[in-house]
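Asks: Before I ask anything, let me first share the structure, which is written out below as structure tokens.
Read-outs: derived from the displayed coordinates by stated rules, not from any lab. Being a predicted model, the structure only gives us computed values, none of them experimental. Cβ placement follows ideal geometry from the backbone for every residue including glycine, while neighbour counts extend to all protein chains displayed.
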Amino acid sequence: MPLIVVLKLLFIPIITLLIILSSVLMDLSDRIGWMVTMAVLLYGSVIFDRKLKWLRFMQPLFLGAFHLATQLNWCILLYYILMINLIHKKKHFKEMIPICLLMLIQYSAIRLSYMPFTQYNLLVSIFDGLALFVIVISFHLVNSLESEKKQLHMHNDYLIFHDPLTGLLNYDGYLHKVQHTIEAKKPFQLVLLDINNFQSLNAQDIATANEILISLSRAIRTLFAGNMLAASRYAGDRFAILLPEHVQIDRSLFKFDHIGIKVTYSITCYPHEAKTFQELVSKAEERVFQMRRNSWLRSQEELLRTEKMKTVGELAAGMAHEIRNPLTSIKGFIQLSKTKNYNIQPWYEVIMGEITRVGELTAEFLHFSKPHASNIKVESMTDCLTRVFSLCESEAVSHGHVLTMDLPDQAILIRMDRDKIIQVLINLIRNSFQAMDQAGVVKLSMLTAGGKAIIEVEDTGKGIAEEDLPKIFDPFYTTKEEGTGLGLSLCQKIVEDHGGKIMVHSQLNVGTVFTLTFPIS
């Protein structure tokens, strides 16, 4: 309760009672009825002046009549209280002066009506006026300090519970509002909004991200104007909206294309879906998390599908290009044979070579594109490398190269399709043979580290240029005149199907090392 209310409700009846008793003791009992009547009217106007504003204009009249009836200067205390009651909401000093002057004039006029008009009484009136102004100035200063203190307190409360960027409630304010609404037993809906990919927007331009947050907060205020119990922005890009139970929520409300963003949202109803504050907040957060997760999974699936289509397009374009070349040659020779009465004998070998090339391209493309057959089981990689060595040793000798092998003593077991792994290793070893123009050495080795089997195929060939290394696993990329460009791509696919990795390190005129890593079973 404000101090002025306590002051007037407590002290006015006490002071009026004391003045009436004093008047009786001073033989003024003939006016006791008039005194009591004015005292009751004055106190009644003070009690009800907050509801009936017009009573404030009657209070000076009731006080003047009471003063005239009692004819006691002690009524000045009532004038002080009544004056403070009339000016306590005035903010400016110039608004207080007229009220104070009127009260002073009334008091002095009534006082001089029952007191002799002497120099002493005139000076007393002047000093009463000075006392009155001192009280007014003191009250004004105290009132100003209290007002500033109240504004500072309100400002601190605003900073504690509000977001300075958007002006909405912050996280603490949001939790406080939700808890307060639950304690009031009022059914409501809690809507959580989450901006999709906001972190990427924030990373690109903080100013733009802040503008988006401000625009979204304005849009929320506009959408739910008049219906919103509260709105909050917290955790950077998340908004919470409290709506009454009767508000109908349409999905189209949460489309913010005009701002340039998309949002994920969840709706949780109290008390139908949650009975307590903790349960409500937890369920709402869990729902928006699951919706974000589902949205992310859908976007990843779409991205994967796009990448697959891109890869298919590249493969198709590369395959069409590679097949067109031999078909063009065959077409040319057939047209040329027309002039020789379709005698293709002179070009038979060339035509058959081009047809063979088309067949090889098609076979490798089918190996590359068809799903990996599930023939994977636990096998010995040691035995697998021994088999590869025996298959390639004679070919190495025929080309004048040396093939060596370095294996651990114990068997290394991994889950694999033995035939596929043999195909990969033979392909890498043959590439090494072709990379060596003169007699060289190809080393096949294996070791284990960190639960992995590490296989290396190392040659002493001419090496691969640094600018070509990032492209050697791309489909149809090759530096060989007779190559298809699918060999290493196929090798990479098989290795990755086994949960492994393939890497390459090369140095021109020194050699190349292909490293395959597989998890040990």
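Asks: Could you work out how far apart the two model spin labels at LEU336 and ARG31 are, taking each label as a point 7 Å from the Cα in the direction of the beta carbon, and quote it in nm?
Replies: Each label point is offset 7 Å from its Cα along the Cβ direction, giving 14.2 nm.
Asks: Among rounded, prolate and oblate, which fits the chain when a ≥ b ≥ c are the square roots of the eigenvalues of its C-alpha gyration tensor, a/c under 1.5 means rounded, and a/b larger than b/c means prolate?
Replies: Judged from the Cα gyration tensor, the chain comes out prolate (a/c at least 1.5, a/b above b/c).
Asks: A further question on this structure: Would you mind getting me the FRET efficiency between LEU223 and LYS471? Use the beta-carbon distance for r and R0 = 60 Å, nearest 0.05.
Replies: The pair LEU223/LYS471 has a calculated efficiency of 0.70.
Asks: Also: Averaged over every viewing direction, what's the projected area of the C-alpha convex hull for the stretch 171-273? Give it in nm², one decimal, please.
Replies: 6.6
Asks: Shape call for the stretch 1-145 from the C-alpha gyration tensor, a ≥ b ≥ c root eigenvalues: rounded (a/c under 1.5), prolate (a/b greater than b/c) or oblate?
Replies: It is oblate, given that a/c is not under 1.5 and a/b is not larger than b/c.
Asks: So, counting K/R as plus one and D/E as minus one, what does the shell of residues with Cβ under 15 Å around PHE48 add up to?
Replies: +4
Asks: Right, here's the next one. Let me make sure I get this right: for the stretch 251-299, a, b and c are the square roots of the gyration tensor eigenvalues over alpha carbons, sorted descending. Under 1.5 in a/c it's rounded, otherwise prolate if a/b > b/c, else oblate. Which is it?
Replies: Verdict is oblate for the stretch 251-299.
Asks: Give me the net charge of PHE518's neighbourhood, meaning all other residues with Cβ under 13 Å from the Cβ of PHE518; Lys, Arg count +1, Asp, Glu -1.
Replies: 0
Asks: Sticking with this structure for a sec: Just from the alpha-carbon atoms, what are the Rg and Dmax of the stretch 377-519 in angstroms?
Replies: Every Cα atom of the stretch 377-519 included, Rg and Dmax give 14.5, 42 Å.
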